[in-house]
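Notes to accompany the following structure.
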Amino acid sequence: MYYLKMLFYNFLVVFFANYVLPGIVVMESTKLPHIGGDLIFAVALGAVNSLIFPILKLFRQGSGALKIAIIALIVNFASYAIVKLLPVGINVSSVEGYLLASVVVTIGSFLTNFLEMKHSQTNMDVPQ
């Protein structure tokens, strides 16, 4: 259940970053009967961002804050670069928009993964 909350928070960060930040233009606004590329992109990137800590934990890598931040930064910069090249309903119209959106989504992703890491450590420390 905790993972689903983190997925939802990551989705919201990506979705609102696409609509609020300057330099990002949503080509077709999402209307629920006709799901647009902006909603699909937000769900996909939110899912990828929420999987950072679980994948690190699965491969038994040290899941420190620095490692989570670096992976989130790479994932988000690559995702917005792909959006710049492929038309998916979102247009990155300026370098500032690319940088700002990538950094804001990275911060949101880092916070949710960091909180998930702390939650996981807290649950492991509790004696039964």
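Go through the stretch 35-50 and report how many residues are surrounded by 18 or more Cβ atoms within 10 Å (Cβ to Cβ), of a type in the set (A, V, I, L, M, F, W, C) and under 9 Å from the mean Cα position of the chain (by Cα).
3
Tell me yes or no: at least one residue of the stretch 64-87 is assigned to a loop (DSSP other than H, G, I, E, B), surrounded by 13 or more Cβ atoms within 10 Å (Cβ to Cβ) and not basic (Lys, Arg).
no
What's the number of the only condition in (1) at pLDDT 90 or above; (2) farther than 15 Å from residue 12 by Cβ that residue 101 fails to meet?
(2)
Looking only at the stretch 79-93, decide whether some residue is at pLDDT 85 or above, charged (D, E, K, R) and on the phi < 0 side of the Ramachandran plot.
No: zero hits.
Could you please let me know if residue 112 is within 26 Å of residue 2 (Cβ to Cβ), at pLDDT 85 or above, in contact with a Lys or Arg (Cβ under 9 Å, 6 or more places away or on another chain) and crowded, with 19+ Cβ neighbours inside 10 Å?
When the stated conditions are applied, residue 112 passes them.
Identify the residue in the stretch 39-61 that is of a type outside the set (S, T, N, Q) and in a loop (DSSP other than H, G, I, E, B) and, among all such residues, is modelled with the lowest pLDDT. Full working, then the answer.
Narrowing the stretch 39-61 to residues of a type outside the set (S, T, N, Q): 39-48, 51-60.
Now restrict to residues that are in a loop (DSSP other than H, G, I, E, B): 51, 59-60.
Working: 51: 90, 59: 84, 60: 77.
The extreme case among them is 60.
Checking residue 63 against (1) without any contact (Cβ under 8 Å) to a residue 24 or more places away in the chain; (2) over 14 Å from the mean Cα position of the chain (by Cα), which test does it fail?
Only one criterion in (1) without any contact (Cβ under 8 Å) to a residue 24 or more places away in the chain; (2) over 14 Å from the mean Cα position of the chain (by Cα) is unmet by residue 63, namely (1).
Taking interchain pairs and intrachain pairs at least six residues apart, which have beta carbon atoms under 8 angstrom, with the first residue in the stretch 17-35 and on the phi > 0 side of the Ramachandran plot and modelled with pLDDT of 85 or more and the second in a loop (DSSP other than H, G, I, E, B) and not basic (Lys, Arg)?
That search, which allows pairs on different chains as well, returns 23/93; 23/94.
The values are calculated or read from the model by the stated rules, or taken from the named source; none is laboratory data. A quick note: this is a predicted structure, and the numbers were derived from the prediction, not measured. In this analysis, Cβ positions are derived from the backbone assuming ideal geometry, glycine residues included, and neighbour counts consider all displayed protein chains.
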